[in-house]
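Data first, discussion second: the structure below is written as structure tokens.
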Amino acid sequence: MNETVKFAVVGAGHIGKRHAEMIAREPEAQLTAFCDVRSSEECQTSEYLVPHFASIEDLLNSKLEFDVVSICTPNGLHAEQAIQVLKAGKHVVVEKPMGLTRESCEKVIYTALQMNRQVFCVMQNRYSPPSEWIKEIVSKGLLGDIFMVQVNCYWNRDERYYKQGGWKGTPDLDGGTLFTQFSHFIDIMYWLFGDIDRIQGKFADFNHQNTTAFEDSGFVSFEFLNGGLGTINYSTSVAMQNLESSITVIGSNGSIKIGGQYMNEVEVCTIKDYTMPELKASNPANDYGPYKGSAANHNFVIKNVIDTLKGRTTATTNALEGLKVVDIIERIYKVRDEQLIYEN
């Protein structure tokens, strides 16, 4: 219980450095290594004063001691690298998405069970005060029967984001808009209301024909297995800035809308015989210069890893939940791909 939890970080981009910063702030954690195909100078990680490895193989074959590996590489590498790390006897923290297919995620889970190791999926939006609040509301049944749930995600991702020669926008390493930009919000929806079925959709590529291999916008409708109708409306074609990430819930006892640019503001709360408490302030969005992402809650993720490994709690987002988010997106994209085949 008193031992320091030692972390290595694979992938030294924006998110990898975010993990490193949060690890460095934790008194019970220690950053022991970075791993990236680029040099330490290219990644600008020399300030962390830890060894830098050019491959996972080099990292795992070194005599360096560490307990956990944070995987912060392009999406299409997550599952394969998680399996490598698990087979080496290490716990895994994997950035979203856990993989790009349900099958690859199932292989990760199977390996984790074989090796008796933990897989922590990064879905940091669960820690936002409005998310924690609505989870309590739904769990207690205060909204009554759920009639409708609408998720809106309208962001800007332009040439500042999709750089020539990069992995973003590619089918094998990025995977699609729902995987890279909006899986956090699909996770919140699944966390609150469970699985979906009877999926239908319309998809379009308005202005990313030269920068991505997939759609940039879509309207998706479905039914929840637990009852109620749902929709996800999304786009990365918003001009100049992120516009909105919101969830609206209509139930038999009232309605809730959590909005703002990053699903971080309670805009409507009308529930029978209920007075809404004052929530603590949300963390700001992750700021990557020309664009912004979801809430900067990675400190809670790293703390949860430490507390779980020390037996104080359980994983906030476990491997099965990570798999379900991928499964939902994969089924939505199956509808998209079937439409493309029909149209062509």
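So here's what we get for this one:
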| quantity | calculated |
| --- | --- |
| Residue satisfying all of: in segment 69-102; out of contact with any His (no Cβ under 9 Å at 6 or more places or on another chain) and not in a helix (DSSP H, G or I); surrounded by the most Cβ atoms within 10 Å (Cβ to Cβ) among these | Val92 |
| Boolean, Leu192 is closer than 22 Å to Ile329 by Cβ, at pLDDT 95 or above and in a loop (DSSP other than H, G, I, E, B) | no |
| Qualifying residue in segment 39-53 (condition: assigned to a strand (DSSP E or B) and surrounded by fewer than 22 Cβ atoms within 10 Å (Cβ to Cβ)) | yes |
| Members of segment 308-344 that are under 14 Å from the mean Cα position of the chain (by Cα) and assigned to a helix (DSSP H, G or I) | Ala319, Leu320, Glu321, Gly322, Leu323, Lys324, Val325, Val326, Asp327, Ile328, Ile329 |
| Residue within segment 233-244 that is assigned to a strand (DSSP E or B), closer than 19 Å to Val325 by Cβ and assigned by TED's automatic domain parsing to the domain that holds Leu173 present | yes |
| All positions within segment 146-203 that are farther than 21 Å from Leu225 by Cα, touching a Phe, Trp or Tyr at 6+ places or on another chain (Cβ under 9 Å) and small (Gly, Ala, Ser) | Gly169, Gly175, Gly176 |
| Residue match in segment 157-180 (condition: surrounded by 15 or more Cβ atoms within 10 Å (Cβ to Cβ), of a type in the set (Val, Ile, Thr) and more than 17 Å from Pro74 (Cα to Cα)) | no |
| From the options Gly165, Gly169, residue that is touching a His at 6+ places or on another chain (Cβ under 8 Å), part of a loop (DSSP other than H, G, I, E, B) and among the small types (Gly, Ala, Ser) | Gly169 |
| Positions within segment 136-154 being surrounded by fewer than 17 Cβ atoms within 10 Å (Cβ to Cβ) and assigned to a strand (DSSP E or B), in sequence order | Phe147, Met148 |
| Residues within segment 110-150 that are within 23 Å of Lys334 (Cα to Cα) and not assigned by TED's automatic domain parsing to the domain that holds Gly251, tallied | 0 |
| Test: residue in segment 194-206 that is surrounded by 19 or more Cβ atoms within 10 Å (Cβ to Cβ), touching a residue at least 24 places away in the same chain (Cβ under 8 Å) and among the charged types (D, E, K, R) | no |
| Subset of segment 103-116 (residues that are touching a Lys or Arg at 6+ places or on another chain (Cβ under 9 Å) and surrounded by fewer than 19 Cβ atoms within 10 Å (Cβ to Cβ)) | Gln114, Met115 |
| Any hit, segment 203-218, residues being within 20 Å of the chain's Cα centre (by Cα), under 22 Å from Thr101 (Cβ atoms), among the small types (Gly, Ala, Ser) and assigned to a strand (DSSP E or B) | yes |
| Count of segment 3-17 residues which are surrounded by fewer than 24 Cβ atoms within 10 Å (Cβ to Cβ) and either among the basic types (Lys, Arg) or within 12 Å of Val68 (Cβ to Cβ) (or both) | 4 |
| Given (1) in contact with a strand residue (DSSP E or B) (Cβ under 8 Å, 6 or more places away or on another chain); (2) modelled with pLDDT of 95 or more, number of the condition Ala88 does not satisfy | (1) |
| Selection status of Asn156, at pLDDT 95 or above, of a type in the set (S, T, N, Q) and assigned by TED's automatic domain parsing to the domain that holds Phe185 | yes |
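The values are calculated or read from the model by the stated rules, or taken from the named source; none is laboratory data. Since the structure is predicted, the reported quantities are computational estimates derived from the model, not experimental observations. Note: ideal-geometry Cβ built from the backbone for every residue, glycine included; neighbour counts use all protein chains shown.
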